[in-house]
Amino acid sequence: MSSRTLCTYFFRNGCRDGASCPNSHNPTDRIVCRNDPGCTTPFCPYLHPRTPCRFSTPGKRCRRGTRCGFAHRKAETSATAAVGECEICAETVPLVVLRCHASATICVECLQQHIHTEMNDKMFTEKIKCPTCSTVWEHQEVMRLAATEDGERFERLVLHQTLKQMPDFRFCKKSGCGSGQIHADGDRYPIMTCFKCRTQMCYTHDVLWHSGETCEAYDARKGGEDDMSRRWVASMTRPCPKCKVPIEKNGGCDHMTCRVASCQHEFCWLCSAPYDRIRRYGNHHHRPTCTYYAAYDGEDDEEDD
């Protein structure tokens, strides 16, 4: 839970107050030390992105994790096998011993690239699988293998997902704030004030506070707006016959092309008939009620295929 003031005790040697501490234990709230590089303050609570961490060495990981503000090595692995050919990049390099698949022959760089790619996937769900055996890696394994930036981002994503599952927790709705807090009063007193930026929010609807409206009035207004939106979509758009995405016609002819990159379906706006058949066989493949329909007296050309 973020606060306006950084808790220096937490990032030095640990805060005894724990969750009851009114100050921030959030690593993202820390600022860069003005003496970096070259700071000589023991366990300085501020960030030192240009000063290497003296506890981060090959085969050993800094125990302070995100509490440590110094730069960690990009590859912190607890065990490496003999030099060999990586099965992914085919380079002769030191290979990493995986806990889930000891016989795997993969180098650190390829594993870090795999983790980076997984985390940037649109369907990422805080679960990263081994590229060889598809085993879901535990949190410690991901942190052992990931590059420093990806490891810190992974921890933030896992924390974010964990906090979202807490029923009384809400993130600040002001863009760029990133803070969050528990609102113990629940729906009885729905107005929340962010500890960090002092923005007011509605706990019940999880939006910025609807000033001048009670929650009941907000529900009534939003319900009316939703009904109007549904009526507008129904009257002004039609679903693509293939992917069902609503399409608005704002002029031009009735030969429509779906703009969804994975679809690109062509159809008639009036009758939804597919244009590949119309183009191939003729206008008798429009629906009989369509303005463009033309009767065809010959044999069905589809039989020639």
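For the range 151-190, rounded, prolate or oblate, judged on the Cα gyration tensor with a ≥ b ≥ c (square roots of eigenvalues), a/c < 1.5 rounded, else prolate if a/b > b/c? Kindly include the intermediate steps, with their values, before the conclusion.
Numbers: a/c = 4.03, a/b = 1.75, b/c = 2.30.
Since a/c reaches 1.5 but b/c is at least a/b, the shape of the range 151-190 is classed as oblate.
Can you tell me how the range 125-244 classifies by the Cα gyration tensor, rounded, prolate or oblate, using a/c under 1.5 as the rounded cut? Oblate shape, in that a/c is at least 1.5 and b/c is the bigger or equal ratio.
Would you mind classifying the range 238-304 by shape? Square roots of the alpha carbon gyration tensor eigenvalues, ordered a ≥ b ≥ c; an a/c under 1.5 is rounded, otherwise it is prolate if a/b is larger than b/c and oblate if not.
Values: a/c = 2.74, a/b = 1.73, b/c = 1.58.
Prolate.
Figure the gain on full extension for Trp269 and Gln140 (residue separation times 0.36 nm, minus the Cα-Cα span) and round it to one decimal in nm. Walk me through the numbers on the way to the answer.
Details: separation 129, 0.36 × 129 = 46.44 nm, distance 5.48 nm.
The Trp269-Gln140 span can extend by a further 41.0 nm.
Based on the Kirkwood radius over alpha-carbon pairs, what value in µm²/s does the Stokes-Einstein equation return for the translational diffusion coefficient of the range 76-165 at 20 °C and 1.002 mPa s? So the translational diffusion coefficient is about 158 µm²/s. Packing-based ranking of 191-197, 242-248 yields 191-197, 242-248, ordered from highest to lowest mean Cβ neighbour count within 10 Å.
Alpha carbon centre of the range 197-215 versus the range 151-184: separation in Å? Result: 17 Å between the Cα centres. Charged neighbours of His255, selected by a Cβ distance under 11 Å, balance to 0 (K, R count +1; D, E count -1).
FYI, it's all coordinate maths here, none of it is from the lab. Bear in mind the structure is a predicted one, so any value in this text is a computation, not a measurement. Glycine gets a Cβ as well: all are built from the backbone with ideal geometry, and neighbour counts include every protein chain shown.
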